[in-house]
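Dropping the structure in here first, questions after.
Values quoted throughout were computed directly from the atomic coordinates according to the rules given, and no laboratory measurement underlies them. Just so it is clear, the structure is predicted and the values come from calculations on it, not from any experiment. Here the Cβ positions follow ideal geometry from the backbone for every residue, glycine too, while neighbour counts run over all protein chains shown.
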Amino acid sequence: MPASIDRDQVRRLIAEEGAQLVEVLPAKEFGEEHIVGAVNIPLKELDQRASRELDRDRPVIVYCNDYQ
Amino acid sequence: MGFRRVYDYVAGKKDWGSYGLPHAGTNVPARTAGDVARRDVPTCSLGDRLADVRERVRGAGWDTCIVINERRVVLGRLGRKALASETDASVEEAMTPGPSTVRPSIGAHALLERIRERKLTSLLVTTPDGRLVGLVRRGDLE
């Protein structure tokens, strides 16, 4: 289970540890609005695509719209 | 997922955008309140003397000053009239408390409409928890 983090922690992880931001919503929603620098891997495809598209040596931060 | 360090940004992209942090997409306005807000607007504290603030604000070429606490939460505003007054009141006595504010994510177009409807010359931009981002002046939008 991933650890929950807040906005300031997100910023710190990106700035200091090169964390990778991943929006797990469908592509349409990602296209409408996303955090700059994030990649889109919908939740259903995460297990399949993560190891191919993400760097294992860097932290990964997943997010969606809000508290869901 | 098989990754060692995975985190969940639970508050999500709505939280990010509402604080004026960089976000993009077809639904994101090209220019937002956060983009145009003047971050150099003068600030002061409740306990400051009005005379001291007046001198500093005029010297910086402004005619308004935002009253904040130690966490940059907006408490009030000193407008032209308050700053023009020659009394030796405190900031707390002279300020207008609880000024109207908008969030950084509001589009510049919608913001200008709101300013025109209310016949304002400027509007304060704050985060959802009330912290000062800056001041948008009508002239910067028109």
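Roughly how big is the protein assembly as shown's charge dipole about its Cα centre, with Cβ charges of +1 (Lys, Arg) and -1 (Asp, Glu), in debye to the nearest 20? Each step should come with its number before you reach the end.
Values: 33 positive and 32 negative charges, 75 e Å.
Value, rounded to 20: 360 debye.
What list of whole percents do you get for P(r) of the range B:1-101, with Cα-Cα distances grouped in 5 Å bins up to the one holding the largest distance?
For the range B:1-101, the binned pair fractions read 2, 11, 18, 16, 12, 10, 9, 8, 6, 4, 2, 2, 1, 0 percent.
Within the set of other residues whose C-beta is less than 15 Å from the C-beta of B:D129, count the net charge using Lys and Arg as +1 and Asp and Glu as -1.
On the way: positive: A:R7, B:K14, B:R71, B:R72, B:R103, B:R131; negative: A:D6, A:D8, B:D15, B:E70.
Value of the local net charge: +2.
Same structure, new question: Choose one of A:A27, B:A24, A:N65: the residue whose Cα lies farthest towards the positive end of the charge dipole of the protein assembly as shown (beta-carbon charges +1 Lys, Arg; -1 Asp, Glu; about the Cα centre).
B:A24
Evaluate the distance, in nm, between pseudo-label points positioned 7 Å from the Cα of B:R49 and of B:R72 along their respective Cα→Cβ axes.
For the pair B:R49/B:R72, the computed spacing is 2.9 nm.
I would also like to ask the following. Taking the simple approach of a point 7 Å from Cα along Cα-to-Cβ for both A:V36 and B:T121, what is their distance in nm?
So the two model labels end up 3.2 nm from each other.
Related question: Count charges around B:R114 for me, please; just the other residues with Cβ under 12 Å from its Cβ, Lys/Arg as +1, Asp/Glu as -1. The partial results should precede the final answer.
Working: positive: B:R103, B:R116, B:R118, B:K119, B:R138; negative: B:E113, B:E117.
Local charge sum for B:R114: +3.
With charges set only on the Cβ (+1 for Lys and Arg, -1 for Asp and Glu), what does the dipole of chain A come to about its Cα centre, in debye to the nearest 20? Please report the intermediate quantities before stating the final value.
Numbers: 9 positive and 14 negative charges, 32 e Å.
Dipole of chain A, to the nearest 20 debye: 160 debye.
Between B:R131 and A:K28, take the C-beta separation as r, use R0 = 30 Å, and let me know the FRET efficiency to the nearest 0.05. Don't skip to the end; give the middle numbers.
Working: r = 33 Å, r/R0 = 1.09.
Approximately 0.35, to the nearest 0.05.
Can you work out the FRET efficiency for the pair B:R80 and A:Q9, with r the C-beta to C-beta distance and R0 = 45 Å, to the nearest 0.05?
Working: r = 41 Å, r/R0 = 0.92.
The value I calculate is 0.65.
Taking the Cα centroid of the range B:1-55 and of the range B:75-104, what is the distance between the two, rounded to the nearest whole Å?
A separation of 23 Å, based on Cα centres.
Same structure again: What size of dipole, in debye to the nearest 20, comes out for the range B:1-93 about its Cα centre when the only charges are +1 on Lys and Arg C-beta atoms and -1 on Asp and Glu C-beta atoms?
Values: 16 positive and 13 negative charges, 114 e Å.
So the magnitude is around 540 debye.
Same structure, new question: Sort A:45-51, B:14-20, B:76-82, B:116-122 for me by packing, meaning the mean count of neighbouring Cβ atoms within 10 Å per residue, highest on top.
Numbers: A:45-51: 14.1, B:14-20: 20.3, B:76-82: 17.9, B:116-122: 11.7.
Taking the mean over residues of other Cβ atoms within 10 Å, the ranking is B:14-20, B:76-82, A:45-51, B:116-122.
Determine the calculated [θ] at 222 nm for chain B from helices alone, applying -39500 (n - 2.57) to every DSSP H run no shorter than 4 residues and normalising by the residue count; nearest 500 deg cm²/dmol.
Calculated at 222 nm, the ellipticity per residue is -7000 deg cm²/dmol.
Between B:S90 and A:S51, what is the spin-label point distance in nm, taking each point 7 Å from the Cα along the Cα→C-beta axis?
Computed distance between label sites B:S90 and A:S51 equals 6.5 nm.
Suppose R0 equals 22 Å; then what is the FRET efficiency for B:R39 and A:R58 from their Cβ-Cβ distance, rounded to the nearest 0.05? Could you put the intermediate results ahead of the total?
On the way: r = 31 Å, r/R0 = 1.42.
Plugging the Cβ-Cβ distance into 1/(1 + (r/R0)^6) gives 0.10.
Could you state the angle between the C-alpha long axis of helix B:50-59 and the longest principal axis of the C-alpha atoms of chain B, as a value from 0 to 90 degrees rounded to the nearest 10?
Once rounded, one gets 70 degrees.
Further, regarding this structure: Calculate how steeply helix B:108-117 sits against the longest principal axis of the alpha-carbon atoms of chain B, using the helix alpha-carbon long axis, and give the answer as 0 to 90 degrees to the nearest 10.
40 degrees
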